[in-house]
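Colleague: Following this message is one structure expressed as structure tokens.
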Amino acid sequence: MENRELFEKAVKDSESLSERPSNDTLLQLYALYKQATEGDNLKSAPDNPFDFVKKAKHEAWLSLKGKSSEDAMLEYIQLVEKLKV
């Protein structure tokens, strides 16, 4: 399978994990997914300073700036595989 196919499979697998991952792991999955599918985060920070979820997601994705889509896909695949065990 190509990396794109493995990535799409990992995305589906992530939706049916036996246990809910920690919030930190969910943020990591989110950031890797966004980096893999959209590239660097070029969006401005959330307007509402008290929307902690949006702020955390924005910062998690921003932290991956410069990582290639391919590398983000591979890391996402590896993380989901680790969570499936």
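Colleague: Scan the stretch 17-43 for residues that are among the small types (Gly, Ala, Ser) and modelled with pLDDT of 95 or more and jot them down.
Modeller: Correct list: 22, 31, 36, 39.
Colleague: Within the stretch 1-46, track down each residue that is among the charged types (D, E, K, R) and part of a loop (DSSP other than H, G, I, E, B).
Modeller: Correct list: 2, 15, 19, 20, 40, 43.
Colleague: Now for a different question. Cβ contacts < 7 Å: first residue outside any helix (DSSP H, G or I), restricted to the stretch 50-63; second residue of a type outside the set (S, T, N, Q) and surrounded by 16 or more Cβ atoms within 10 Å (Cβ to Cβ), any location; separation 6+ or different chain. Result?
Modeller: Close Cβ pairs (under 7 Å, with a partner that is of a type outside the set (S, T, N, Q) and surrounded by 16 or more Cβ atoms within 10 Å (Cβ to Cβ)) amount to 63/31.
Colleague: Please go through the stretch 64-85 and pick out each residue that is surrounded by 14 or more Cβ atoms within 10 Å (Cβ to Cβ) and part of a helix (DSSP H, G or I).
Modeller: Answer for the stretch 64-85, where residues must be surrounded by 14 or more Cβ atoms within 10 Å (Cβ to Cβ) and part of a helix (DSSP H, G or I): 69, 71, 72, 73, 74, 75, 76, 77, 79, 80, 83.
Colleague: Still on this structure: Quick one: count up the residues across the stretch 16-26 that are farther than 23 Å from residue 52 by Cα and not small (Gly, Ala, Ser).
Modeller: 2
For every residue, the table says whether it meets (1) basic (Lys, Arg); (2) in contact with a Gly (Cβ under 9 Å, 6 or more places away or on another chain); (3) surrounded by 14 or more Cβ atoms within 10 Å (Cβ to Cβ).
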| position | (1), (2), (3) |
| --- | --- |
| 1 | no, no, no |
| 14 | no, no, yes |
| 20 | yes, no, no |
| 28 | no, no, yes |
| 35 | no, no, yes |
| 41 | no, no, yes |
| 52 | no, no, no |
| 58 | no, no, yes |
| 62 | no, no, yes |
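The values are calculated or read from the model by the stated rules, or taken from the named source; none is laboratory data. It should be emphasised that the depicted structure is a prediction, and the values quoted were computed from it without experimental measurement. Reconstructed Cβ throughout: ideal geometry from the backbone, glycine too, with neighbour counts over all protein chains shown.
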